[in-house]
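The values are calculated or read from the model by the stated rules, or taken from the named source; none is laboratory data. Keep in mind it's a predicted model, so treat the numbers as computed, not measured. Glycine also receives a Cβ, built like all others from the backbone with ideal geometry; neighbour counts cover every protein chain displayed. Surface areas here come from the heavy atoms of the whole protein model, side chains and all, with no ligands, DNA or RNA. Shrake-Rupley method; radii C 1.70, N 1.55, O 1.52, S 1.80 Å.
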Amino acid sequence: MITIGIVDDTREIRDLLIRIFELFDDIEVKFDVDDGDQVMYAIDKLIEPPQVLIMDIDMKRQNGIETTRIVKEKY
């Protein structure tokens, strides 16, 4: 099973990605959030972080590049 977290500030994009991944039996979306700050909270709630993060680069509060750097350092 491949686990995924989705981070994008556009709800429609997140919903579309979730619908696509639901077509596959071996993929599980663990969370979808709308900004970089929420990623840490979402990951911390899980026993294991997702194997893959799909990250929007251009988000309002904390951009995806900075968020990815922080996630990579912490996890």
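Once Lys and Arg get +1 and Asp and Glu get -1 on their Cβ, which of THR3, ILE43, MET55 lies farthest toward the positive end of the dipole of the chain? Ranked along the dipole, the leading option is ILE43. For a straight C-alpha distance cut-off of 13 angstrom, the aspartates and glutamates reachable from LYS60 (same-chain residues fewer than eight places away being disregarded) are ASP8, ASP9, ASP34, ASP35, ASP37.
Distances between placed amide hydrogens fall under 5 Å for ASP32 paired with ILE6, all partners being 5 or more residues away or on another chain.
Counting only protein heavy atoms and a probe of 1.4 Å, the accessible surface of segment 8-75 is 53% carbon and sulfur.
Within the chain, list the GluC sites (Glu not before Pro) lying in a DSSP loop whose Cβ has at most 13 other Cβ atoms in a 10 Å radius.
GLU22
Applying both filters, DSSP loop and at most 12 other Cβ atoms within 10 Å, to the trypsin sites (Lys or Arg not before Pro) of segment 44-75 gives LYS60, ARG61. Taking every protein chain into account, the accessible area of segment 19-75 amounts to 74 square angstrom per residue (probe 1.4 Å).
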